[in-house]
1. Could you run through the range 529-560 and say how many residues are assigned to a loop (DSSP other than H, G, I, E, B) and either at negative phi or of a type in the set (Ser, Thr, Tyr) (or both)?
2. Scan the range 613-624 and tell me whether some residue there is within 30 Å of Lys454 (Cβ to Cβ) and touching a strand residue (DSSP E or B) at 6+ places or on another chain (Cβ under 7 Å).
3. Just to check your reading of the model, which residue among Lys419, Lys402, Lys386 is in contact (Cβ under 8 Å) with a residue 60 or more places away in the chain and either out of contact with any helix residue (DSSP H, G or I) (no Cβ under 6 Å at 6 or more places or on another chain) or open to solvent by less than 60 Å² (accessible area, probe 1.4 Å) (or both)?
4. Can you pull out the residues in the range 295-315 that are surrounded by fewer than 22 Cβ atoms within 10 Å (Cβ to Cβ) and in a loop (DSSP other than H, G, I, E, B)?
5. Of the residues that make up the range 26-47, is at least one modelled with pLDDT of 95 or more, surrounded by 20 or more Cβ atoms within 10 Å (Cβ to Cβ), in contact with a His (Cβ under 6 Å, 6 or more places away or on another chain) and within 21 Å of Thr319 (Cα to Cα)?
6. Does Gly719 fit the bill of being part of a loop (DSSP other than H, G, I, E, B), open to solvent by less than 60 Å² (accessible area, probe 1.4 Å) and in contact (Cβ under 8 Å) with a residue 40 or more places away in the chain?
7. Looking at Glu526, is it surrounded by 23 or more Cβ atoms within 10 Å (Cβ to Cβ) and either without any contact (Cβ under 8 Å) to a residue 12 or more places away in the chain or not in a helix (DSSP H, G or I) (or both)?
8. Of all residues in the range 120-153, how many are more than 24 Å from the chain's Cα centre (by Cα), touching a residue at least 60 places away in the same chain (Cβ under 8 Å) and open to solvent by 20 Å² or more (accessible area, probe 1.4 Å)?
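The values are calculated or read from the model by the stated rules, or taken from the named source; none is laboratory data. It should be emphasised that the depicted structure is a prediction, and the values quoted were computed from it without experimental measurement. A quick note on method: Cβ atoms are made from the backbone with ideal geometry, for glycine too, and the neighbour counts reach across all protein chains shown. Each accessible area value is taken on the protein alone, full model and side chains, heavy atoms only, with ligands, DNA and RNA left out. Shrake-Rupley method; radii C 1.70, N 1.55, O 1.52, S 1.80 Å.
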Amino acid sequence: MSISRMAAVLVALVASPLWAGPLVDLVNPLQGTDSVSSLSHGNTLPLAGVPWGMTNWTVQTGGGNWFFQYGAKQVQGFRATRQPSPWMGDYGQFTLMPETGELQTNAEKRAAEYDVNASVFRPDYLKVELKRYAVTAELTATERCAAARFTFQQGDTGRLIIDPAGEGKVEVVGREIRGYSKAAHGGVPGNFAGYFVIEMDRDLTKTGTKYVEFSVAEARQVNVKIGTSYISLEQAEMNLRREVGGSFDDVRATVADVWEKHLGRIEIAGADAEQRKTFYTCMYRAILFPHRFYELDADGKAIHYSAYDGKVHDGVAYTDNGFWDTYRTVYPFYSIVYPDQLKEILEGYVAAYRESGWLPEWPSPGHLSVMIGSHIDAVFADAAAKGIAGFDLAGAYEGMRKDAFVAGPSDAIGRPGLKEYEELGYVPEGKARYSVSTTLDYAYDDWCVAQVAKKLGKDEDYQKLMARSQNYRKLWDESTGFMRPKNAQGKWAEAFDPYYWGGPYVEGGPWQCSWAVQHDLGGLRELLGGPAKMGEKLDRLLGTPPVFHVGGYGSVIHEMREMWIREFGQYAHSNQPSHHLLYLYAVAGEPWKMEYWTRRVCAELYNSGPDGFAGDEDNGEMSCWYLLSTMGVYPLCPGRPDYVLTSPAFDRATIHLRNGKDFVVAAKNNGQRNVYVQKRALDGKPYSSSYIPQAALIAGGTLDVEMGEQPNLQAGGDGELP
């Protein structure tokens, strides 16, 4: 067989549904990395490590929070990072860089030329050729540790630069390098530090403040093992001994196997090569965060340093998550695919309440104030509704109830403007940020807390919170058809502009933010004038040019620019407030429109490359939107145990459930675009509902979907609600 023929066969195999290579080979960690503060294609990092690992590793190309730039031509080193978003920043970070020749400890001066496209970026492995130093640098990473291999191709002396960020220290004892970084972006106790222990495979000939030297004259391949901890240097060394005991290749093989097992929980068929890469790359993104923040003592018992009280406690802890983003898709996705991991994460969040007296809003690693609402309420409510057990739900409810009824001491915890919200039924303009969005979010959060109250038999709380969940109605302006801000006197606060961003609206304007009533879509439909009027309003949303006025922001923010360049009208898939809007067509009784638009978004706004997302990929939220939507199910209201059904993108998607069963979505006569659901059957029986309950998913079985080229205009009726 000729080489060209062999290549053609290989391409055909990769593109076919029969391709059965390692799933980890499909993942491209460079997805979404071609981003800057003014335009996001994901604002992601190419991270090596394991799912939910405590410490990730990446390549550092520059300074600041955007420290990896896809188009950069130089590398400053391998960076141990915990950064969940460039908008948050990093903490406890340090960088390692092999070097030869003249000593350069300054990051910019030591940078070496490299080619991003000639480098290897994988979940289990990083490899770059440092041309300036003639060094091949490789790294693989476990939950809390890493192994590096540096091959010095010339010269007799090698050097390793150890560069902790912020206030830090490095000391050398024999072949071991110990240090810490106290870098943080606020919200941590004064004794916080990220500790590290680095073990070299040879004697050191010279040491300095931030470097060590060694001979490479005879053995040019230098092996380095790195342990990290938030507890102590001794704990970092213990982590190192436990996680990086074998050779570099052994460690890498173990890490690759971890990824394979997690990625393998879903199998797809009927996807082309790019769809397959995008799907499994999104699965990689979906399970990077939140980070484990706990370690194992000498007896294998979970312990953790608390980023809230500065003490070491028994048990698990998790951090680095923006709940305003992730409650929408990440945790519902976990409830199906990773319920075993979800219960541990939730117990980690309850630990944060025990140690600080408040549930977190944006932990990184301690309490930080970034977005609005108390949406961890939705995370717990969704888990409770879907039967996730194994965490302290009563303890979680204690924190949820406190959020709902007790004013917090700062914007980082509790609900700003709660006093006025309770008195007036809305947050008046000027009393808290983004007053309209905040009011709508508080109403939804109240509904979420009420669901857990009902489950725990707290009837008085349930009744009061359910009444408060209707507060969204107080900001509805029938004359404009949008939610509007009011002042404390109950008057509309300002002249209305449907394209005005910011001010009372969070990262959007009336078009994007007036639909945030997931918990009472029947009520929202009623305000809009019924199913037909709701459908017409959605049509207008998608048909209105992507006009925006900078409004309360005062200048163009990246979300505005991202909506404008995507050309989906006022539907801003680049940001979370729009993420449920296409699914409202099911509520309007026009599910064929939902099918058309969700398939278009999956096909046009996602790929596996550096420009792979339409906006910020926030801790897996955008990735999980894609994963769920391509499988044909979407959590329209987290906190309800059901999903709205759209048309699946693939011929077959099989979820291997943790109870040993499989749930399969099988589409007949499927195509890449412009096909619509004609009928469904669940385990061979006709299934006419637009929703599927969690219980049906986790029971296992097959949802058969027959597709056709013409919209099924009978489907959906008046838009049933679960």
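1. Of the residues in the range 529-560, the ones assigned to a loop (DSSP other than H, G, I, E, B) are 529-530, 544-548, 550, 554-557.
Still in the list and also either at negative phi or of a type in the set (Ser, Thr, Tyr) (or both): 544-548, 550, 555-557.
Of the residues in the range 529-560, 9 are assigned to a loop (DSSP other than H, G, I, E, B) and either at negative phi or of a type in the set (Ser, Thr, Tyr) (or both).
2. No, the range 613-624 has no match at all.
3. Details: Lys419 fails: in contact (Cβ under 8 Å) with a residue 60 or more places away in the chain; Lys402 fails: in contact (Cβ under 8 Å) with a residue 60 or more places away in the chain.
When all the criteria are applied, what remains is Lys386.
4. Taking the range 295-315 as the starting set, the residues that turn out to be surrounded by fewer than 22 Cβ atoms within 10 Å (Cβ to Cβ) are 296-303, 309-315.
Result: Asp297, Ala298, Asp299, Gly300, Lys301, Asp309, Gly310, Lys311, Gly315.
5. no
6. Values: part of a loop (DSSP other than H, G, I, E, B): yes; open to solvent by less than 60 Å² (accessible area, probe 1.4 Å): yes; in contact (Cβ under 8 Å) with a residue 40 or more places away in the chain: yes.
It is true that Gly719 is part of a loop (DSSP other than H, G, I, E, B), open to solvent by less than 60 Å² (accessible area, probe 1.4 Å) and in contact (Cβ under 8 Å) with a residue 40 or more places away in the chain.
7. Numbers: surrounded by 23 or more Cβ atoms within 10 Å (Cβ to Cβ): no; either without any contact (Cβ under 8 Å) to a residue 12 or more places away in the chain or not in a helix (DSSP H, G or I) (or both): yes.
Considered against the rule, which asks whether it is surrounded by 23 or more Cβ atoms within 10 Å (Cβ to Cβ) and either without any contact (Cβ under 8 Å) to a residue 12 or more places away in the chain or not in a helix (DSSP H, G or I) (or both), Glu526 comes out as no.
8. 3
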